[in-house]
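Scroll down for the structure; my scribbles are underneath it.
The values are calculated or read from the model by the stated rules, or taken from the named source; none is laboratory data. Since the model is a prediction, treat every value here as computed from it, not as a measurement. Cβ placement follows ideal geometry from the backbone for every residue including glycine, while neighbour counts extend to all protein chains displayed.
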Number of protein chains: 2
Amino acid sequence: MEIGKNIRLMAISTSTVYGSDFLVYIRDRIADFIGEKQILFIPYARPSGISYDDYTAKVSQALASLGIAVRGIHEFENPAQAIREASSIFTGGGNTFLLLKTLQEKGLLSVLKEEIEKGKPYVGTSAGSNLTGLTISTTNDMPIVYPQGFDALQILPFNINPHYLDPDPNSTHKGETRETRIQEFHVYNVQPVLGIREGSWLEVENGQVVLAGNLTARLFRQGATPVELSPGQIDF
Amino acid sequence: MEIGKNIRLMAISTSTVYGSDFLVYIRDRIADFIGEKQILFIPYARPSGISYDDYTAKVSQALASLGIAVRGIHEFENPAQAIREASSIFTGGGNTFLLLKTLQEKGLLSVLKEEIEKGKPYVGTSAGSNLTGLTISTTNDMPIVYPQGFDALQILPFNINPHYLDPDPNSTHKGETRETRIQEFHVYNVQPVLGIREGSWLEVENGQVVLAGNLTARLFRQGATPVELSPGQIDF
């Protein structure tokens, strides 16, 4: 499975880790990675139903100390043009179905994909990282709106499960574990699924995928026992 | 919101409660409720990807001690006819997207709805209970397959969230809580959502909805603070 050598992408499990504020643990790395002092923010996933303005302001505040100027895509009359003219793009988390449906309705998926494939730096957290895989079918979110299909940006040749969570051996809850859900996915889908724990992220450059952060990630392949991958380059 | 007086339905949060085997805590009540010694089982939700045969055998074993004969709908050449001729119906849990898509593809949703509206007893656990509401959009499952819309049987004039789970005050996980997800649902959807905890179920008879079991359920209305409902009749 080849990944274009131009692609520069961060797929981050979560915007926020326990005991820390929004983006604080990862913002220095984002700033280094994009290498620019401005970023176009896509707030369509609307976590907790927050407005586009409020979500953009939240990101802007979190990145202000690094001198990064944030503009929300909703502030532009022509969002496709905003994507084309941006120096880098950040898609925030929230509801993945809503994010995908909004991008579909505005006709922005193909523009976004083109720009990423040309080498424009892309940063996604949670739903925004899920979007970089083949489909959104390994999201943890509720299907609060009905998108036209589940196909995602298909930059990465696998699916991402953000906020990956290990089974809790002390749990008394009988709902499915994350692992069980992904195994159900593999009854009907062939692509690998990478479960990325909170605090981990992928960096994609030079055609390589690197697992960053201190934690292992869990790789699920159809018909195989899941394996733990250590930080570093991932070979698919 | 009126519910037809003919409808006889059990919508059960979970097939299995902690510390007990499959269906054991609820099977006596199911037997009393259906008042028959036979039931048609719909195994389409395939929990953990189990086969239709294996899932049906599991249910059959669980109900054998009560003298209830279980037939799987997949054993019949004409599944619509099997639904029409059944004395009662049981839809098991698993993946809600898969359950809905399979019923859609086989053209069985309308038949099932008609028979339930005529008064045929229906029992659903987890995905099978989610199916009785307006849409499946408050499922907890992964969207492993793409159904043609999210509309459910629409027997109940609200949505169900089975396996309802309270936020864990000690959790270090930053993924959305169940309550946050349902609040996101209400940004785009008007119908009430009833979160039913494991060990609880709804019994619908004589146009009334009764919350059974020992636990409260959590009712979410658009734009309102969620409320806890005690066991007993629910007024919507």
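On the given criteria, is residue B:172 surrounded by fewer than 17 Cβ atoms within 10 Å (Cβ to Cβ) and under 29 Å from residue A:188 (Cβ atoms)? Walk me through how you get there before you give the answer.
On the way: surrounded by fewer than 17 Cβ atoms within 10 Å (Cβ to Cβ): yes; under 29 Å from residue A:188 (Cβ atoms): no.
In short, no.
Do you know which residues across the stretch B:64-73 are buried (at least 17 other Cβ atoms within 10 Å of the Cβ) and either of a type in the set (Gly, Ala, Ser) or within 16 Å of residue B:111 (Cα to Cα) (or both)?
Step one: filter the stretch B:64-73 for residues buried (at least 17 other Cβ atoms within 10 Å of the Cβ), giving B:68, B:70, B:72-73.
Across the stretch B:64-73, the qualifying residues are B:72, B:73.
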Looking at (1) closer than 20 Å to residue A:120 by Cβ; (2) modelled with pLDDT of 95 or more, which one does residue A:35 not meet, given that it meets all the others? (2)
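Residue check: is residue A:97 crowded, with 24+ Cβ neighbours inside 10 Å, within 21 Å of residue B:146 (Cβ to Cβ) and at pLDDT 95 or above? Talk me through it step by step, then tell me what you get.
Working: crowded, with 24+ Cβ neighbours inside 10 Å: yes; within 21 Å of residue B:146 (Cβ to Cβ): yes; at pLDDT 95 or above: yes.
Against the criterion (crowded, with 24+ Cβ neighbours inside 10 Å, within 21 Å of residue B:146 (Cβ to Cβ) and at pLDDT 95 or above), residue A:97 qualifies.
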Within the set of pairs 6+ apart or on separate chains, which have a first residue in the stretch B:51-79 that is farther than 17 Å from residue B:93 by Cβ, a second that is aromatic (Phe, Trp, Tyr), and C-beta atoms under 7 Å apart? B:71/B:41
Among the residues of the stretch A:143-200, write down those that are out of contact with any Leu (no Cβ under 9 Å at 6 or more places or on another chain) and of a type in the set (Gly, Ala, Ser). A:171
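What about residue A:195, is it touching a Gly at 6+ places or on another chain (Cβ under 6 Å), within 14 Å of another protein chain (Cβ to nearest Cβ) and of a type in the set (Gly, Ala, Ser)?
Numbers: touching a Gly at 6+ places or on another chain (Cβ under 6 Å): no; within 14 Å of another protein chain (Cβ to nearest Cβ): yes; of a type in the set (Gly, Ala, Ser): yes.
When the stated conditions are applied, residue A:195 does not pass them.
Return the residues of the stretch A:40-58 that are touching a Phe, Trp or Tyr at 6+ places or on another chain (Cβ under 6 Å) and assigned to a loop (DSSP other than H, G, I, E, B); say none if nothing qualifies.
First pass over the stretch A:40-58, keeping only residues touching a Phe, Trp or Tyr at 6+ places or on another chain (Cβ under 6 Å): A:41, A:43, A:56.
Listed by number, the list holds a single entry, A:43.
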For a quick check of your reading of the model, give me the residue pairs whose first member lies in the stretch B:155-183 and is farther than 20 Å from residue B:229 by Cα and facing another protein chain (nearest Cβ under 7 Å), whose second is among the hydrophobic types (A, V, I, L, M, F, W, C) and in a loop (DSSP other than H, G, I, E, B), with beta-carbon atoms closer than 8 Å and at least 6 apart or on different chains. B:173/A:165; B:174/A:17; B:175/A:165
Given the condition within 13 Å of chain B (Cβ to nearest Cβ) and either closer than 26 Å to residue A:23 by Cα or not acidic (Asp, Glu) (or both), answer yes or no: does some residue in the stretch A:116-125 qualify? yes
Taking the conditions exactly as written (in contact (Cβ under 8 Å) with a residue 12 or more places away in the chain, of a type in the set (Lys, Arg), more than 22 Å from residue A:196 (Cα to Cα) and more than 14 Å from every other protein chain (Cβ to nearest Cβ)), does residue A:84 satisfy them or not? yes
Among the numbered criteria (1) surrounded by 20 or more Cβ atoms within 10 Å (Cβ to Cβ); (2) within 14 Å of chain B (Cβ to nearest Cβ); (3) among the aliphatic types (A, V, I, L, M), which one does residue A:202 miss? (2)
